[in-house]
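Down below is the structure, laid out as structure tokens.
The values are calculated or read from the model by the stated rules, or taken from the named source; none is laboratory data. All values derive from a computational prediction rather than experimental measurement. FYI the Cβ positions are ideal-geometry reconstructions off the backbone, even for glycines, and counts take in every protein chain you see. To get the accessible areas, we keep the full protein, side chains included, count just its heavy atoms, and leave off ligands, DNA and RNA. Shrake-Rupley method; radii C 1.70, N 1.55, O 1.52, S 1.80 Å.
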Amino acid sequence: MPGARVSRRGLLLGGVAGWALALAGCAPARTRDLALACGEPGGAYLQFGELLADALAARAGAALDLHVTHGSAENLEMLASGEADLGLSLADTANETAASHDLAAIGRVYQNYLQCLVLATSDIASIADLAGRRVSIGAPGSGSSRTTRRLLEAALPAAGGTAPQATELELAAALRALAEGGIDALFWSGGIPTPEITAAASAHPVRVIDLGDAVAPLRAAHPREYLDARIPAGVYGTTRTTATVGISNLLMCRADLARDAARALVDVLVGDATRLVPTGSVGLQYLALDTLIDTGDVPLHPAAMERYREHYR
């Protein structure tokens, strides 16, 4: 990762000030670092951050400091506090936060898949079977946790079930707990396949629970935020396509991000799209040029919008 340094909420080095100085002619042509709040080890956020860092370094000579976090909510908190210049977030989490913290988007970068996993030997066959069971809904401060709470609140009453015994675990801890019998199911929002889940499933085979029945009540409760999605057969050893919930991911920034920084990031998203897809990814989850500007209720950064118009005119 020549363009990136990884830390857990590490020291912010340079950031917006570096871009502003370069623009004013008070710094060398090479810009200072930008800090990007990503996600958990093994997850798509950190994988995407690594690829974005390499592409940005090659195209613009700028570096990204990648911060390991619990995901969307923590990333937006870091943006709002100035600890990060950029952050990855699920669209549903960003929609609730952006306006009150003066945040904007650089673009819609890919789609997450909400994944509900149980051991292959489990008697859980549907979301209704989660009633009263021990379930990890995602790490504290993660978009997975927020989305899963919404899904369970919308879908279980419709199925006549009661709430599960919910806990919040990071992915690695949740996989260990599932294998050891500490929980009955786990939810994870990410790309498919997630390498850490693939590795764990080789020792303790899993099944993916079909969430198709939950999509309609979830979308009724939260219009325009969720999509019908499919996990292809073969992922984690599954034998059939599985219905689930799709959630857009946004590359977020503060509204005061320097113009040149926003424009350079758009150039990478448009010009290096194929370089930003992790090896082995399947499904229709990564950058599509016709959806980059589809950020829903979150406004595009003005300089990003300006640069998209230049690319597509």
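Descriptive notes on the structure:
- Residue ranking by accessible heavy-atom surface, 1.4 Å probe, largest first, among Asp123, Asp85, Asp129, Asp213 comes out as Asp213, Asp123, Asp129, Asp85.
- J(HN,Hα) series, region 297-313, from Karplus relation 6.51 cos²θ - 1.76 cosθ + 1.60, nearest Hz, glycine and proline x: 7, 8, x, 6, 4, x, 5, 5, 4, 4, 6, 4, 4, 5, 5, 9, 6
- Tilt relative to the chain, helix 259-271 - C-alpha long axis, 0 to 90 degrees, to 10: 60 degrees
- Computed from label points 7 Å out along Cα-Cβ, the spacing between Ser81 and Ala288 is 3.7 nm.
- The chain: angle of helix 72-81 to the longest principal axis, Cα-based, in degrees nearest 10: 30 degrees
- Alpha carbon convex hull of region 126-221, volume per residue in cubic angstrom: 92 Å³
- Whole-percent carbon and sulfur share, accessible surface of the chain, 1.4 Å: 53 percent
- Loop-located trypsin sites (Lys or Arg not before Pro) in region 204-292, at most 12 other Cβ atoms within 10 Å (DSSP): Arg224, Arg240
- Across region 78-196, Cα-Cα pairs farther apart than 18 Å form 56% of the total.
- Phi to ³J(HN,Hα) by Karplus 6.51 cos²θ - 1.76 cosθ + 1.60 over region 95-110, Hz, x for Gly, Pro: 4, 7, 10, 4, 5, 6, 10, 6, 9, 9, 10, 8, x, 8, 9, 6
- Evaluating 6.51 cos²θ - 1.76 cosθ + 1.60 at θ = phi - 60° for every residue in region 240-253, the Karplus couplings come out as 8, 5, 10, 6, 7, 10, x, 9, 5, 10, 10, 8, 9, 8 Hz, glycine and proline recorded as x.
- Prolate/oblate/rounded label for region 184-281 (Cα gyration tensor, a/c 1.5): oblate
- Axis of helix 143-158 versus longest Cα principal axis of the chain: the two differ by about 40°, to the nearest ten degrees.
- Accessible surface ranking that places the most exposed of Glu40, Glu196 first, with a 1.4 angstrom probe: Glu196, Glu40
- The chain - Debye-derived log10 I(q)/I(0), Cα point model, q = 0.13, 0.15 Å⁻¹: -0.88, -1.13
- Over the chain, accessible surface divided per residue gives 40 Å², non-protein components excluded, 1.4 Å probe.
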